[in-house]
Amino acid sequence: MATKIVIIDDHQLFREGVKRILDFEDSFEVVAEGDDGCEVIGLYEAHEPDVIIMDINMPNTNGVDATRHLIEKYPDAKVIILSIHDDENYVTHALKTGATGYLLKEMDADALIDAVKVVADGGSYLHPKVTHNLVKEYRRLSADQGLSGDQYISPVEIRRPLHLLTRRECEVLQLLADGKSNRGIGEALFISEKTVKNHVSNILQKMSVNDRTQAVVVAIKNGWVEVR
């Protein structure tokens, strides 16, 4: 069965570009398009898509409000938000309303395809740059809380999880925390994107997490990576 997708974006050229990328995947089928968030419930009821890709900024009903209305009525609906904003406030607001994916419009084709596959399978997907910003904010808030009053937080000791991951997987995990895409990791380590994907899959399996974001958060909490 093909993954059914609905695209909602008020910029027709951008919407057509997204559709063209998705049409290259045999396992994807774009079943409908819209140009405003107010259409989301009607399109969902008419086509029952597996994933909705929706712009955050639209003239009448924005993507965040549209996601909230949709999830209130259909809690199992899966939405990927498209945005030009990488600020953690935008991201957390979108996720709190029920979105399971957040992509920046500067994404490459591979990121879009990966995001749809992960979200369709029940996972969550954040653009690597967004993940890095969220992790930095998490560390800042944790440090602020730890330094309240007379308490003192000593620097985190970085301990590579060699009991769990190979040295190469540790390098990939650090680059995930740095906000690198698969392509960026491949260029940094001089390996192919396919090899990077294999390493990421192994990391997720060994760490018992569902997606890259969870892997980075767990690694941060355990002091396995540096936030640079």
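The values are calculated or read from the model by the stated rules, or taken from the named source; none is laboratory data. Since the model is a prediction, treat every value here as computed from it, not as a measurement. As a convention, Cβ positions derive from the backbone with ideal geometry for all residues, glycine included, and neighbour counts pool all protein chains shown. Surface accessibility is based on the protein's heavy atoms, side chains included, excluding ligands, DNA and RNA. Shrake-Rupley method; radii C 1.70, N 1.55, O 1.52, S 1.80 Å.
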Placed amide H near residue 28: partners under 5 Å, 5+ positions off or other chain: 3
Option label - Cα extents along the principal axes in Å computed here, alternatives [x] 54, 45, 27; [y] 50, 40, 31; [z] 63, 37, 33: [x]
Separation of alpha-carbon centers, the stretch 156-228 and the stretch 50-65, rounded to whole Å: 31 Å
Relative contact order (%) - the stretch 154-222, alpha-carbon pairs under 8 angstrom, separation at least six: 29 percent
Overall form of the stretch 3-133 per C-alpha gyration tensor (a/c, 1.5; a/b vs b/c): rounded
The stretch 1-81 - percent of accessible surface contributed by carbon and sulfur, probe 1.4 Å: 47 percent
Helical contribution to [θ] at 222 nm, DSSP H n ≥ 4, -39,500 (n - 2.57), averaged over the chain, rounded to 500: -15500 deg cm²/dmol
For the chain, size of Cβ-based charge dipole, Lys and Arg +1, Asp and Glu -1, in debye: 1200 debye
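What number comes out for accessible area per residue over the chain if the probe is 1.4 Å? Units Å², please.
For the chain, the per-residue accessible area is 52 Å².
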